[in-house]
Amino acid sequence: MAKAVVFVQADGQPGVLETELAIAATVGELHDVLEGLGVKVDAETFIFVDEADEHACGECHEPVHGIKHGTRIHVGRCKRIKTTVNFGARSIEREFAPGAKVRSVKEWAVSELHMAPKDAAEHVLQICNSAERPASNTPLHVLTHGNGCQVCFDLVPEKRVEG
């Protein structure tokens, strides 16, 4: 059976855990691998494969879809992340899957705010009330910082050099 190296990011555990998982893994096999890594899986745990909108659930014998080399498995208590983006006087909201990346949020916000591509390229997402500007490949669930299942961003200009 073909295996892939996958990376696990779990709430409450720092860093990223690396392991192998069968490409054709079942829900039961996924749970066994996670428990082997010390990641607790119970009825209140949601598991997402990469940026999938639906969590990997079902009977133990059912297949998990989307496993390939380099896949990120996101494990946490949030089924959706309520995401707010502030831009000027406007605030927009949408719920995303926990594995959704910051780049996906920015793409949505830029579209929703009808920003010109040139203007969008000059702006970045910054965590509200902070100077933290997460990398575009950061999954949302690692940004909730104990705020439950929500994250807030300000869409701000990147520092411009005048001259």
How fast does the chain diffuse by Stokes-Einstein, in µm²/s, taking the Kirkwood radius from C-alpha pairs at 25 °C and 0.890 mPa s? 145
Please give me the summed charge of the neighbours of Gly36: other residues whose Cβ is under 13 Å from its Cβ, Lys and Arg +1, Asp and Glu -1. -4
Considering the chain as a Gaussian network with a 10 Å cut-off on Cα pairs, which listed residue, His141, His114, His74, attains the greatest mean-square fluctuation? His114
Between 0 and 90 degrees, rounded to the nearest ten: what's the tilt of helix 102-112 against the longest Cα principal axis of the chain? 50
By how many degrees, between 0 and 90 and to the nearest 10, does the Cα long axis of helix 27-36 differ from the longest principal axis of the chain? 80
Please tell me which of these pairs span more than 30 angstrom C-alpha to C-alpha: Lys40/Lys101; Lys3/Lys106; Lys79/Lys159; Lys68/Lys118; Lys40/Lys159? Lys3/Lys106; Lys79/Lys159; Lys68/Lys118; Lys40/Lys159
Go through the cysteines of the chain and tell me which have no other cysteine Cβ under 4.7 Å away. Cys57, Cys60
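Using the Kirkwood radius over C-alpha pairs as Rh, can you work out the diffusion coefficient of segment 3-76 via Stokes-Einstein at 37 °C, viscosity 0.692 mPa s, in µm² per second? Can you show the working numbers first?
Values: Rh = 12.0 Å.
The estimated diffusion coefficient comes to 273 µm²/s.
FYI, it's all coordinate maths here, none of it is from the lab. Computed from a predicted structure; not experimentally measured. All Cβ positions, even for glycine, are placed from backbone atoms using ideal geometry, and neighbour counts span all protein chains on display.
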